[in-house]
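The values are calculated or read from the model by the stated rules, or taken from the named source; none is laboratory data. As the structure is a prediction and not an experimental result, all values here were calculated from the model. Every residue, glycine among them, receives a Cβ derived from its backbone with ideal geometry; neighbour counts consider all protein chains shown.
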Amino acid sequence: MNKPRFHLAMVAVLTAGILLLEVPPSARVFTFPQSARAEQRPATAGQQHGHRVRPLDSVRREVRMLDDIYKGGIVTITQHYVSAEDSIPAGTAFKQLFVAAEKKGWHRVRLLDATGEPYSKENRAEDSFEKRAVARLLKGETWVEEIEQRNGVRHLRVATPIPVVFEKCIMCHDNYRDVPAGQPIGALTYLLPVDGQLQSEHAPGSK
């Protein structure tokens, strides 16, 4: 593999991601030509008030995309850049990206421990959904979701499992060594708005 080109590509991808996060959701509007056959439908109540109204399946699809991107990024960084015990774990680096996305009002992502021995207290399950989700993921489920109302806005909450992918994972997390093969050692949880603005601790405009 041509390493200079690989590194250049990684820089380009990360730069594009940072620039994208710097633009607030309200400013990112893409318009497409309307089909001549498309009917003019009256705006829904949510659309009339400037809120995003999306089909639930569309929000689920967005979660699946984010899950692939975030987990794929963590795996790639671990594979190519984590080489010693004093290396920064990829999950730690991605937490900064999670916070940046939340502050821009896109979504909230949390990295949870599922072993009972969290790397940091921030990785502990915070509420009843996260605790139920971790318990269900440990039983073999691969997708746990609930609809939750926050300040009058519907949100989709989802949890997906994180397995041990490399021996390198054990280098930073020795307690993973005794985890049975195939059992999750953690989870990613997602919070996305369905019909309004994101309501979370760091999101702009949260009540």
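Below are the figures for this structure:
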quantity	calculated
Positions within region 98-128 being surrounded by 20 or more Cβ atoms within 10 Å (Cβ to Cβ), at pLDDT 95 or above and over 15 Å from the mean Cα position of the chain (by Cα), in sequence order	ALA125
Enumeration of residues in region 122-147 that are farther than 24 Å from GLN96 by Cβ and without any contact (Cβ under 8 Å) to a residue 24 or more places away in the chain	SER128, LYS131, ARG132, ALA135, ARG136, LYS139, GLY140, GLU141, THR142, TRP143, VAL144, GLU146
Residue in region 139-149 that is at pLDDT 90 or above, crowded, with 19+ Cβ neighbours inside 10 Å and outside any helix (DSSP H, G or I) present	yes
Those residues of region 155-207 which are in a loop (DSSP other than H, G, I, E, B), of a type in the set (D, E, K, R) and at pLDDT 90 or above, in sequence order	ASP195, GLU201
Long-range neighbours under 9 Å by Cβ, at least six apart or interchain, first residue farther than 11 Å from PRO193 by Cα and in a loop (DSSP other than H, G, I, E, B) within region 44-64, second of a type in the set (Gly, Ala, Ser) and modelled with pLDDT of 60 or more	HIS49/GLY196
Residues of region 87-146 satisfying the condition of being within 21 Å of ILE77 (Cβ to Cβ) and hydroxyl-bearing (Ser, Thr, Tyr)	SER87, THR92, TYR119, SER120
